[in-house]
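> Before I ask anything, let me first share the structure, which is written out below as structure tokens.
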Amino acid sequence: MNAPLDHRETAANYRAVITRKGKYRVILCRDGIQWILQRKKGRDDRPWEGFGYFTTRAALMRDWERLHGQIPPEIARLPDRARESRKGKVQ
């Protein structure tokens, strides 16, 4: 059985995960104003840690590409600015 979605940005089951690859993931912050690039350090039970904060898709794509070389469709489809994602705002 899956755990219910969580409103805490550091939780493994956070509601607004956009994409994940290995120990990295991108989320929409709970206020819907920025995307956060996070990494998982250590054991799986440790919280996710934010290390990149972006208001534009172009900036997010630049840093994701540095890490992985290829932009996933989930990021490529994002609006130009994080605030335009507010419909996905976490309650």
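Any read-out appearing in this document is the output of simple, stated calculations on the displayed coordinates, not a laboratory observation. For clarity, every value in this text was computed on a predicted model and none was experimentally measured. Glycine also receives a Cβ, built like all others from the backbone with ideal geometry; neighbour counts cover every protein chain displayed.
> Give the residue from LEU60, ALA82, THR19 lying farthest towards the positive end of the charge dipole for region 17-88; charges sit on Cβ (+1 for Lys and Arg, -1 for Asp and Glu) and the dipole is referred to the Cα centre.
THR19
> Per q in 0.12, 0.15, 0.25, 0.26 1/Å, what log10 I(q)/I(0) does a Debye calculation on the alpha-carbon atoms of the chain return?
Each listed q maps to, in turn, -0.33, -0.52, -1.38, -1.45.
> In percent, what relative contact order does the chain have, based on Cα pairs under 8 Å that are 6 or more apart in sequence?
Reported as a whole number, the value is 28 percent.
> Still on this structure, I have one more. What FRET efficiency would be calculated for the residue pair ARG81, THR19, taking the C-beta separation as r and a Förster radius of 30 Å, to the nearest 0.05?
0.95
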